[in-house]
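Student: This is the structure, below, for whatever I ask next.
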Amino acid sequence: MMRFLLPLFVLGASIATANEPFRPEMGKFPPLEKAHSYRGELVFVDHANRRGSLRVQGAGTYFRNAPHPIALLPYGIVRYHGAPADLRDIPLGTVLHVWAFLPPDPKISAVPVLPVNNKDKIAGYSGIGVAPAENHVLRLEDEPSYCQREGLVWKLSELEIKNNEGMILASRGLKMGVDSKTREENLTFDEATRIWRGRECLGVTDLIAEGTWPASGKKSLGGQGVLLGITWKPTPDGVFTRFHISDIWLDEAAEKRAAQNQTATHKAFIRSRWMPAWVDAVEYGKFGRATVTATLFGGMDTSLYADFQKGSSVLVNGAENTLKHAGGGYGPAHMASKGPIRNVTQASGQPPLGSSGIQVQFETDLVIEGIRAGRVVRIRPSSWPQVQVPREEYLGDSSNAEDRFPTPDIFPKY
């Protein structure tokens, strides 16, 4: 008979922090230590507006928790498989770790604005903390990214299997040393679970065929250290909260390969959508000329930042806080400002989360409305390809409010 244990997350290892509500200021990167942290399953994505919904974990009946809307801050960082990512890269059902704040400006929030004490309210069978007002996200990362950043692994204790599915008894703890806070929990797996070993992608049946796992029964796994991809699936037997293993990375080579693949995906995405930044200062000249200083947002691959070189040229377009391009009836390049880079500087010390610490100063002879101090922009070095982005990812001339958050009216009538 399989053992059922309370998930370690319910017992406190990843329960939301009790920080006082904090509202970021426009034009300033907020301190991570003031963020409210929680954990949940991704159940909806609106990639064009960098928002979605999570089923947030509390101490109650998980499947009854209503989806909770979240929005990424313009400088919000997403990590998937240990690499930079966009919200669109993450499959629905993935369990994510969240660090978030109150909306910086409730009047233009892309998601519902809730009472500031909402995380302290009890929601029926769902318990407390399942709908925090802190729904503007600074950092969003999946389980492997969280473990790699914190120096953690999942230690597998015991396997029980029948008909190519079953449970693994495991605990999440320090990769090196002893962690007294770890608690064991049961995680399910099935025939769809992917097992990564070096460059191989294996299935449960492959491990059974080679004798690594038994076809049925129990086997001790001896505390084997791995990385796990965690999702949620409907659970039988009246279990309140139990999570599912989507992926197992057995070795470092497999982990690195997953990160390399995701990094390549994200680099191609940023080169086609332009690097996000915000404007620190504008020195206006005559007849539309200006010298602009902007800070590039953080969380990107270093090779992308290296493309911003003194003497090269850039295109700059205004953007919304959702990072959706603003202005231009034919895409972002239509009304973008152009000009040479006069200087690129790197701030000393560790930049706050969300910032790269890199400032780019450029000149232009046509400064557009979206380029003002404190405003979000997107910047493209001239060495990046000029492509046309999908219609839902830019606003046009901003005369139509529904460009920001489309309604069902966008669909044709027959």
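Student: For the range 266-299 and the range 137-165, what is the separation of their C-alpha centers, rounded to whole Å?
Tutor: So the separation of the two Cα centres works out to 37 Å.
Student: What net charge do the residues around Y80 carry, taking every other residue with its C-beta under 9 Å from that of Y80, with Lys and Arg at +1 and Asp and Glu at -1?
Tutor: Charge balance near Y80 sits at -3.
Student: To the nearest 10 square angstrom, what accessible area does V45 show with a 1.4 Å probe?
Tutor: Rounded to the nearest 10, that gives 40 Å².
Student: For the chain, what is the mean residue ellipticity at 222 nm derived from helices alone (per DSSP H run of n ≥ 4: -39500 (n - 2.57); sum divided by total residues; nearest 500 deg cm²/dmol)?
Tutor: Calculated at 222 nm, the ellipticity per residue is -3000 deg cm²/dmol.
Student: Keeping all protein chains in the complex and leaving out DNA, RNA and ligands, what accessible area do you get for D120 with a 1.4 Å probe, in Å² to the nearest 10?
Tutor: Only protein atoms counted, so the area is about 100 Å².
Student: In degrees, nearest 10, range 0 to 90: what is the angle between the Cα axis of helix 252-273 and the longest Cα principal axis of the chain?
Tutor: Rounded to the nearest ten degrees, it is 30.
Student: So for the range 51-107, averaging the separation of alpha carbon pairs under 8 Å that are six or more residues apart and normalising by length, what relative contact order in percent results?
Tutor: Working: 35 pairs, mean separation 13.1, N = 57.
Relative contact order, the range 51-107: 23 percent.
Student: Further question: Heavy atoms only, 1.4 Å probe, whole protein assembly: order K218, K155 by accessible area, highest first.
Tutor: These residues rank, largest area first, as K218, K155.
Student: Restricting to Cα pairs below 8 Å that are 6+ residues apart, what does the relative contact order work out to for the chain? Please round to a whole percent. Write down the numbers at each step before the final one.
Tutor: Working: 982 pairs, mean separation 62.9, N = 414.
It rounds to 15 percent for the chain.
Student: What does the charge dipole of the range 126-216 about its Cα centre add up to, to the nearest 20 debye, if the Cβ of each Lys and Arg holds +1 and the Cβ of each Asp and Glu holds -1?
Tutor: Here the size comes out at about 340 debye.
Student: Right, another one. Given an 8 Å cut-off on Cα distances and at least 6 residues of separation, report the relative contact order of the range 203-313 as a percent.
Tutor: Over the range 203-313, the number comes to 15 percent.
Student: Turning to a different aspect of this structure: With a ≥ b ≥ c the root eigenvalues of the C-alpha gyration tensor of the range 208-261, is it rounded (a/c under 1.5), prolate (a/b larger than b/c) or oblate?
Tutor: Numbers: a/c = 2.33, a/b = 1.23, b/c = 1.90.
Judged from the Cα gyration tensor, the range 208-261 comes out oblate (a/c at least 1.5, b/c at or above a/b).
Student: Using a 1.4 Å probe, how large is the accessible area of Y284, given in Å² and rounded to the nearest 10?
Tutor: 130
Student: OK, next. Cβ under 13 Å from T345's Cβ, T345 left aside: what net charge do those residues give with Lys, Arg +1 and Asp, Glu -1?
Tutor: Neighbourhood net charge equals +1.
Student: Just check the range 289-347 against the gyration tensor rule for me: Cα atoms, a ≥ b ≥ c as the square roots of the eigenvalues, rounded for a/c under 1.5, and otherwise prolate or oblate depending on whether a/b exceeds b/c.
Tutor: Judged from the Cα gyration tensor, the range 289-347 comes out oblate (a/c at least 1.5, b/c at or above a/b).
Student: Give me the extension gain from D190 to Q386: residue separation times 0.36 nm, minus the current Cα-Cα distance, reported in nm with one decimal.
Tutor: Contour length minus Cα-Cα distance gives 66.2 nm.
Student: Oh, and also: Just name one of L140, L221, M176: the one whose Cα is farthest towards the positive end of the charge dipole of the range 140-229 (beta-carbon charges, Lys/Arg +1, Asp/Glu -1).
Tutor: Positive-most Cα among the choices belongs to M176.
Student: Could you go through the range 222-237 in sequence order and give the Karplus-derived ³J(HN,Hα) for each residue, using 6.51 cos²θ - 1.76 cosθ + 1.60 with θ = phi - 60°, rounded to whole Hz, and x for Gly and Pro?
Tutor: Calculated HN-Hα couplings, in order: x, x, 4, x, 9, 9, 10, x, 10, 10, 10, 10, x, 10, x, 6 Hz.
Student: I need the P(r) histogram for the chain: all alpha carbon pairs, bin width 10 Å from 0 out to the longest distance, whole percents.
Tutor: It works out to 4, 21, 28, 23, 15, 7, 2, 0, in whole percents.
Student: Let me ask you something else. Sort F308, F29 by accessible area with a 1.4 Å probe, largest first.
Tutor: Values: F308 5, F29 45 Å².
Order by accessible area, largest first: F29, F308.
Student: Let me ask you something else. Of R149, R139, which has the most accessible area with a 1.4 Å probe, and how do the rest follow in descending order?
Tutor: Numbers: R149 95, R139 25 Å².
These residues rank, largest area first, as R149, R139.
Student: Determine the shape class of the range 25-79: with a ≥ b ≥ c the square roots of the Cα gyration tensor eigenvalues, call it rounded for a/c under 1.5, and otherwise prolate if a/b is greater than b/c, oblate otherwise. Write out the running numbers ahead of the final one.
Tutor: Values: a/c = 2.95, a/b = 1.51, b/c = 1.96.
Oblate, because a/c is 1.5 or more while a/b does not exceed b/c.
Student: Let me check I've understood the local charge: for P332, count other residues with C-beta under 11 angstrom from its C-beta, Lys and Arg +1, Asp and Glu -1. What total comes out?
Tutor: Summing Lys/Arg as +1 and Asp/Glu as -1 gives +3.
Student: Give me the dipole magnitude in Debye, nearest 20, for the chain about the Cα centre, with unit charges on the beta carbon: positive for Lys and Arg, negative for Asp and Glu.
Tutor: 480
Student: Got a sec? Charge dipole of the chain, +1 on Cβ for Lys and Arg, -1 for Asp and Glu; which of G327, C201, P340 is way out at the positive end?
Tutor: Comparing the listed Cα positions along the dipole, P340 ranks first.
The values are calculated or read from the model by the stated rules, or taken from the named source; none is laboratory data. Since this is a predicted model, take the numbers as computed values, not measurements. Cβ coordinates were reconstructed from backbone atoms using ideal geometry, including for glycine residues, and neighbour counts include every protein chain displayed. Side chains included, ligands, DNA and RNA excluded: accessible areas come from the protein's heavy atoms. Shrake-Rupley method; radii C 1.70, N 1.55, O 1.52, S 1.80 Å.
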